[in-house]
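Chemist: Take a look at this one; I'll ask things after.
The values are calculated or read from the model by the stated rules, or taken from the named source; none is laboratory data. This is a predicted model, so every value here is computed, not measured. Because the Cβ atoms are built from the backbone with ideal geometry, glycine has one as well, and the counts that use them run over all protein chains shown. The accessibility values were calculated without ligands, DNA or RNA, using every heavy atom of the protein model including side chains. Shrake-Rupley method; radii C 1.70, N 1.55, O 1.52, S 1.80 Å.
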Amino acid sequence: MEHFDTYLHELIAKNLSGQCTEAESAALQRWLEASPENRAEYEILVKLWGDSPAAVAPKREYNTAAAWDKTDQAIQLAPSRVKALYTKYAAAAAILILLTAGAWWLETRSSLKKHELAANDGKIKSLELPDKSMVTLRQGAMIRYINGYHHNQRIVELEGEAFFEIASDPDHPFLVKTPNQSVIEVLGTSFTVQTGKDTTAVTVASGSVKLSLEGDTTAIVLNSGQRGVWGNGQLSANNNHNLNFIAWKTGILQFNDQTLLEILPQLADFYAKDIRVDEKYRETASQQKATITFRNQSCDDVLHELQLLLGFHYQQDGDSIVITQ
């Protein structure tokens, strides 16, 4: 475990203290399954941690000196063929003890307690973070954060879609972590993040951000007006041509010489509807274009205006809409 890094130390410490998120547990499991050696090293660290005072959670007495003494005794008493292994992992075990104590301290210290906000009532929610950054959550999104820094970084965890306006602080980079292990790093900018089970999309409104995968050195830098996507193990970047990437936040839908076939998917996303075009009408819909703006209007009002402009018909059944000739 010569290359066993701080990130994996943190994952193991959080796992042993029952504080791993689902994404972190998955990352640790991938490392364990990567090789039998990783599994063996993990089991040794688990044993050393279990023998230390830090493992006795109810007392919450994390005595670092006692932990070192305990580890040293285990080394001295071990048979010669095992002693080398204990020596190899003694430092790692001590770090785990310290990280476990630190994780407990982080969870119990009121000023650094983790907070969670979810927009699960069908409404957009706005939040000012402790560093004065602003976050707007789209319906169904959730964010977790603490009232302080983690290793001199401002870190939040996001599920769903949100718009960020980050307060500039070059000494404390701002990181957005997602369930699929992608990471967005910024200094001062505004952007949207849309997370999925296996993908993450970032669209930059101002400034620049770096999109990467946690634990991987590969990254792409996105500047204002660009959209980056991580998915299928690959990173890609393109210019953003979607004027409506934050329409869910502003309530404004803008279409500039776009075809009906291009407009309808954006309406479906904005209004959370299933909108499809009848096959007999698709060729015509691909040629009909509109330049129009809608401001805080209902789906029915928008479709009615487009109907008058382009001359189609539509049928609605609940959240399903079919466009016909």
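Chemist: Could you grab me the full set of residues in the range 205-220 that are in contact with a strand residue (DSSP E or B) (Cβ under 7 Å, 6 or more places away or on another chain) and of a type in the set (Ser, Thr, Tyr)?
Modeler: Those that are in contact with a strand residue (DSSP E or B) (Cβ under 7 Å, 6 or more places away or on another chain) and of a type in the set (Ser, Thr, Tyr): Ser206, Ser208, Ser212, Thr218.
To keep it simple, each residue is scored yes or no on (1) part of a helix (DSSP H, G or I); (2) hydroxyl-bearing (Ser, Thr, Tyr); (3) open to solvent by 50 Å² or more (accessible area, probe 1.4 Å); (4) under 22 Å from Leu137 (Cβ atoms).
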| position | (1), (2), (3), (4) |
| --- | --- |
| Leu267 | yes, no, no, yes |
| Lys280 | yes, no, yes, no |
| Thr291 | no, yes, yes, no |
| Asp301 | yes, no, yes, no |
| Leu308 | yes, no, yes, no |
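Chemist: A further question on this structure: Give me the pairs: first residue in the range 138-152 and among the basic types (Lys, Arg), second residue part of a loop (DSSP other than H, G, I, E, B) and open to solvent by 60 Å² or more (accessible area, probe 1.4 Å), beta-carbon distance under 9 Å, and six or more apart or on different chains, which are they?
Modeler: Close Cβ pairs satisfying both conditions: Arg138/Ile124.
Chemist: When you scan the range 161-175, how many residues do you find that are small (Gly, Ala, Ser) and closer than 21 Å to Ala119 by Cα?
Modeler: 1
Chemist: Sticking with this one: Scan the range 311-325 for residues that are open to solvent by less than 30 Å² (accessible area, probe 1.4 Å) and either touching a residue at least 60 places away in the same chain (Cβ under 8 Å) or farther than 18 Å from Ala272 by Cβ (or both) and jot them down.
Modeler: Within the range 311-325, Phe312, Ile323 meet the criteria.
Chemist: Continuing with this model, one more query. Considering every residue within the range 264-278, establish whether at least one is out of contact with any helix residue (DSSP H, G or I) (no Cβ under 7 Å at 6 or more places or on another chain) and more than 28 Å from Ile124 (Cβ to Cβ).
Modeler: Yes.
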